[in-house]
Amino acid sequence: MKMLLSLITLLSAALLAYAAPPTCYSRVLSLSKEITESFKELQTSKAVDPCVETLPRLYLDIHNYCVLTKLRDFVAYPRCERVIEVSDLKEKARSLYTIMISYCRRDLVFLTDDCSALENPVETSDEIDS
C-alpha cells in the first residue's frame with residue numbers, strides 16, 4: 001500500500017512538471033508565429049475583401065525592438081474594419097502588444113532594432129520549400 005502511494009505521488013509530480021504554464025517568452029513567441037501565419041493565410045485567401053491587399057505587411061520577429069511599432073501601426077490601421085478576419089487579427093496583435101509591453105516587459109530581450117528587417121524578412125529554407 002505504501003509502495004502504491006509512493007508511485008502515485010511520483011506520477012503526480014511528473015504530471016505537474018509537464019503541466020507548468022508557458023513562460024512569457026514562449027507565449028509571445030507562439031502568438032507572434034500564429035499572427036504571422038494568419039496574416040499570410042489572409043493575404044493568400046481569394047474569398048477576402050480587396051482591402052486586405054492594402055494592409056501593412058505583418059512579419060513579426062519578437063527579437064527585434066521595432067516589432068512594437070509594427071504591432072501598434074497594424075492595430076491602428078483604419079481600413080478593413082468590416083472584415084472579420086482582419087478584426088480578429090488586429091485583436092491578436094493588440095493582445096501580443098499588451099503582453100510584450102506589460103506582462104513580459106522585463107523577460108524579453110531585443111537583439112536588434114532593424115526596422116527594415118521587418119519590412120523585408122529573409123526567407124528561411126522552411127518557407128522556401130513550402
Say each of Asp49 and Asp88 gets a label point 7 Å from the Cα, pointing the same way as Cα to Cβ; how far apart are those two points in nm? 1.5
Find the lysine pairs in segment 21-130 meeting two conditions, Cα atoms under 19 Å apart and a separation of 8 or more places or different chains, and report how many there are. 8
Inter-site label distance for Glu81 and Tyr25 at 7 Å from Cα along Cβ, in nm: 3.9
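Computed from the coordinates by the stated procedures, all read-outs in this text should not be read as laboratory data. It should be emphasised that the depicted structure is a prediction, and the values quoted were computed from it without experimental measurement. We place every Cβ from the backbone using ideal geometry, glycine too, and count neighbours over all the protein chains shown.
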